[in-house]
Amino acid sequence: MNSSEASPPSGATSEELQQRIAELAEAVAARDTFIAIAAHELRNPMTPMLGQVDLLLQGIRVGKYSPEQIEQRLERIRHVMSHYVKRAAVLLNVSRITSGKLTLEPVGCDLSDLVRGIAETFAEPARHAGSPIGLDVPASLPGTWDPLAMEQIIDNLVSNAIKYGGRRPVDVRVEAFGDSVHISVRDHGPGISAESRARIFARFERAIGTEESRSGFGVGLWVVGQLVEAMEGTITVDNAPDGGAVFTVAVPRHGEGTRS
Ligand SMILES: Nc1ncnc2c1ncn2[C@@H]1O[C@H](COP(=O)(O)OP(=O)(O)OP(=O)(O)O)[C@@H](O)[C@H]1O
Ligand SMILES: [Mg+2]
């Protein structure tokens, strides 16, 4: 900021100036956060998408696929791309978190379908990472949620479980408990120390050292925490008795499939 932009309006008191400086600092911090989140959210889904395109190309080059198989794989890529486009739209909502203007759009949807769709999207990169996803999901679990926000929560937890899960299986479980649903994502990696568990939901916090090669901004869990809070839910993280991290999200169900 140059000095002319910062010059005080004539007659402003020192208190008013301090107030204005605080507001500007907050606006700059909010913009920085938004840039970090945008980069994270737009980059994350690119990896599975590129992986699928590469696999298809390799297969076509060696004549491995029939036209039907090519069509099937293109369909899958299309699915992931449409998911990506939706996520870009969600960014607008995420930017509102920092300005306190996050609004969810709950509609009647089936959580089981949603989770199965996410598992399908991650199936290829998860297998590739040595972390196949096991699902324990009821046949159907209708309720009223913002599907994009819900997707974003589960996506982030699953992608972390694959990234930090030590090339071992990942389990996703969904259960209904009275008026709420519990979603747990469990890996079989090294788990998270108590000290780290206390800070990983903060913005830009990573439990691992700066020499860590796995990329990430440390905003994924912050976004998850904010969305869960907006849904009036809770999120907890524990280490499983036999190792690995378990993230559990509990959110209200708000009626079964009623459209708002
Ligand atoms: N399943 C897990 N097992 C072990 N550590 C984890 C797990 N999930 C998260 N962490 C730790 O918590 C930190 C914060 O996670 P978060 O998702 O917010 O950021 P990130 O994965 O580093 O980056 P990104 O912003 O790309 O998601 C991670 O850097 C990692 O150290
Ligand atoms: Mg992450």
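Find the helices (runs of 4 or more DSSP H) located wholly in segment 15-130 whose residues include 2 or more that are modelled with pLDDT under 75, and list them.
67-98
Give Glu41, Glu71 a once-over and let me know the one that is loosely packed, with under 14 Cβ neighbours inside 10 Å, of a type in the set (D, E, K, R) and not assigned by TED's automatic domain parsing to the domain that holds Ala245. Quick ask: steps written out before the conclusion?
Values: Glu41 fails: loosely packed, with under 14 Cβ neighbours inside 10 Å.
Among Glu41, Glu71, only Glu71 is loosely packed, with under 14 Cβ neighbours inside 10 Å, of a type in the set (D, E, K, R) and not assigned by TED's automatic domain parsing to the domain that holds Ala245.
Yes or no, residue by residue, for (1) assigned to a strand (DSSP E or B); (2) within 16 Å of ligand 2 (Cβ to nearest atom):
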{"residue": "Gly143", "(1), (2)": "yes, no"}
{"residue": "Ala149", "(1), (2)": "no, no"}
{"residue": "Ser159", "(1), (2)": "no, yes"}
{"residue": "Val174", "(1), (2)": "yes, no"}
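Among the residues of segment 25-41, the ones that are within 14 Å of ligand 2 (Cβ to nearest atom) and either among the aromatic types (Phe, Trp, Tyr) or in contact with a helix residue (DSSP H, G or I) (Cβ under 7 Å, 6 or more places away or on another chain) (or both) come to 3 in all. Answer with yes or no whether Glu211 is within 16 Å of ligand 2 (Cβ to nearest atom) and either at pLDDT below 80 or in the same structural domain as Thr33 (by TED's automatic domain parsing) (or both). No: the conditions fail for Glu211.
Going by what's in this entry, would Leu56 be described as out of contact with any Phe, Trp or Tyr (no Cβ under 7 Å at 6 or more places or on another chain), surrounded by 11 or more Cβ atoms within 10 Å (Cβ to Cβ) and free of Cβ contacts under 8 Å to residues at least 12 places away in the same chain? Outline the logic, then answer.
Details: out of contact with any Phe, Trp or Tyr (no Cβ under 7 Å at 6 or more places or on another chain): yes; surrounded by 11 or more Cβ atoms within 10 Å (Cβ to Cβ): yes; free of Cβ contacts under 8 Å to residues at least 12 places away in the same chain: no.
Considered against the rule, which asks whether it is out of contact with any Phe, Trp or Tyr (no Cβ under 7 Å at 6 or more places or on another chain), surrounded by 11 or more Cβ atoms within 10 Å (Cβ to Cβ) and free of Cβ contacts under 8 Å to residues at least 12 places away in the same chain, Leu56 comes out as no.
The values are calculated or read from the model by the stated rules, or taken from the named source; none is laboratory data. Note that this is a predicted model, so its numbers are computed, not measured. Backbone-built Cβ (ideal geometry, glycine too); neighbour counts: all protein chains shown.
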